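Right, one structure below, let's go through it.
The values are calculated or read from the model by the stated rules, or taken from the named source; none is laboratory data. This structure is a prediction, so every number in the text was calculated from the model and none was measured. Ideal geometry is used to build each Cβ from the backbone, glycine not excepted, and the neighbour counts take in all protein chains shown. The area values use the complete protein model at the heavy-atom level, side chains included, leaving out ligands, DNA and RNA. Shrake-Rupley method; radii C 1.70, N 1.55, O 1.52, S 1.80 Å.
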Amino acid sequence: MAENTKVENKPASSPSKKKGMSFALSAIIVGIGLIITKGAGLIRDVIVSLKFSDGIYRDAYTLAFNIPDLFYNLLVGGAIYSTIAPYLSANLAVGKEKEAIKIVSKFITAVSIVMVICCTLGCVFSEPLYVLYSLSHEIKKPEIIPLAAQASKLLFPQIFFIMLAALCNGILISYRKFTITSFAPVFYNIFVIAAIFFFGGNSQRNLMMTTGGILVASMFYFLFQYSLGFKQMKHFRFDFHLVDKELFQLFKRAIPILISASVIQINNIVLNSFALQFDEGSVFAFRNASTIWQIPYSVFVVAITTVMTPELSGDYKSENYKKASDLVSQSMKSALFMTIPSAVFMAVLNVDVVKAIYQWHSNYTNEHASLAAVFLLGFCSSVITATVVHVFNQAFYAIGQTKLPLVAGVVGLVINPVACYVMVALGVGPLSLSLAYSFTNICQMILLSIMYCRRKELAPHGIIKFLLKSALCVAIMAVAVFVLDRFLPGQGRKVVQLGIVALKGVVAVVVYFTCAVLLRMEEATEWINKFKAKLFKKSAAKAK
């Protein structure tokens, strides 16, 4: 990191107030950045299916990320944002910026040392690590495993630079620099897409060149993020004086978050190992479905909680519990208002949605689309349950109670493989994987809801009434989309296919929002007002 310069403690006021950026505007900025990032991710998957036309290399490419991503989540993953942002935000709120910078600098030093060691070990021992995939059950295409292991050798060092970029991200979010943190990942995705397009192919050499290109992309991503946030980042530097009581407390908070974040990736590895039992291409189809359901989840939920977490941390630190409760309530209802109809729309039109997004060339056949659609159908309820889980997790992190999300994560870690095994044994087929994941999310949602709402002064309010109204709106929407689909199936040339799916999406939005307005749902009015404000602002700018 850069040389540390003197930073004076600032008055005890919220950075968001100083900057004048509202919660809604911040969430919109983060949401737009996530839409672009997710769009780039979809383009990346389309190009993967084009360049790696052989299912073996396509699945090997997908698996190559799994264990490096697990290392990342075990070591830094969720702790970057969920530890640094609340800690730094809370200290900024009470005027202790200088002290917080000192501790965060030590935190950065410690995790960097650990990451370098672990990345080196990952490169050296990638082959035995990937052999773990084949220990539990028979794999239809065993040649996928050594290919994935070789490709991962260049992805282990990649996660070191992703970690540095994430550290920048967490610090900048604390200073409410949402524009920088929202759009920097687009830069990374552009380089990754270029690497896949120019180097991808059905050979081990092409596979290695592709992951090498992604390693270079991660280096540029960190440098880009650091340079854009240099004004804030220049105050943080490596500090090897790691014996510090405050740093120990920060790690004590971070470790449960690390394990909780790792649970998601461990569950993903478990599900991918089960996917290897099915036909060639199942791993990539599972990834496609997982990517699709996470679009509304990321755009609406992650965007809202990214803004909520530092705000909630400051409110809790200032003992403004009513405002904290209102913030969680607003965040939960705003996120669910958009994810509930998204989940139902994807359930009704699962095949059409997959084809519209991924079927751009002959390498992606109807069979590939149908398999991904099966996975997507099982994931649809996860869009809703994961919304609740994520909001409660971030709320717990913001108030410094990191052990409770860990308990829920461990419960999920036990339930997921058991549910997978039982469903596969019962002959449910590929649908077993996404259904098991959805069932796991339901259990975690119930557990987290009970634990968080024990603090009545912090508990969200008005949720039941909101859910009843939303259920009525989405039921009417589902009937309208289903009837339209019977008369207008998504067939024909690509442009026609996209037009039909877009039309059904417009009908779904209009019907859902109309019902919500008639039922006087505040969330509908809020989203409409945001859209109008944005539209009129653009019109006024053009007029000038």
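Summary table below
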| read-out | value |
| --- | --- |
| Value of relative contact order over segment 250-385, rounded to a whole percent, pairs C-alpha under 8 Å and six or more apart | 32 percent |
| Three-way shape label, segment 245-334, alpha-carbon gyration tensor, a/c 1.5 | oblate |
| Peptides 304-311, 119-126, 218-225 ordered by average Cβ neighbours within 10 Å, highest first | 304-311, 218-225, 119-126 |
| Inter-site label distance for K234 and A459 at 7 Å from Cα along Cβ, in nm | 5.0 nm |
| For segment 365-487, convex hull of alpha carbons as volume per residue, Å³ | 138 Å³ |
| Whole-number D in µm² s⁻¹ for segment 244-400, Kirkwood Cα-pair radius fed into Stokes-Einstein, 20 °C, 1.002 mPa s | 122 µm²/s |
| Sorted largest first, extent of segment 425-496 alpha carbons per principal axis (Å) | 55, 38, 23 |
| Accessible area per residue in Å² at 1.4 Å probe, computed on segment 198-287 | 47 Å² |
| 4 °C / 1.567 mPa s Stokes-Einstein diffusion coefficient of segment 236-281, Kirkwood radius on C-alpha pairs, µm²/s | 94 µm²/s |
| Protein accessible area in segment 278-337, 1.4 Å probe - carbon and sulfur % | 46 percent |
| With all protein chains modelled, accessible area of T291 [1.4 Å, Å²] | 30 Å² |
| Accessible area of segment 367-478 divided out per residue, in Å², using a probe of 1.4 angstrom | 40 Å² |
| Probe 1.4 Å, all protein chains present, accessible-area order of K465, K96, largest first | K465, K96 |
| For segment 343-404: span of alpha carbons on each principal axis (Å, largest first) | 51, 22, 14 |
| Subset of K234/K317; K153/K252; K317/K403; K469/K494 violating a 28 Å alpha-carbon distance limit | K153/K252; K469/K494 |
| Heavy atoms of E522: accessible area, 1.4 Å probe, square angstrom to 10 | 140 Å² |
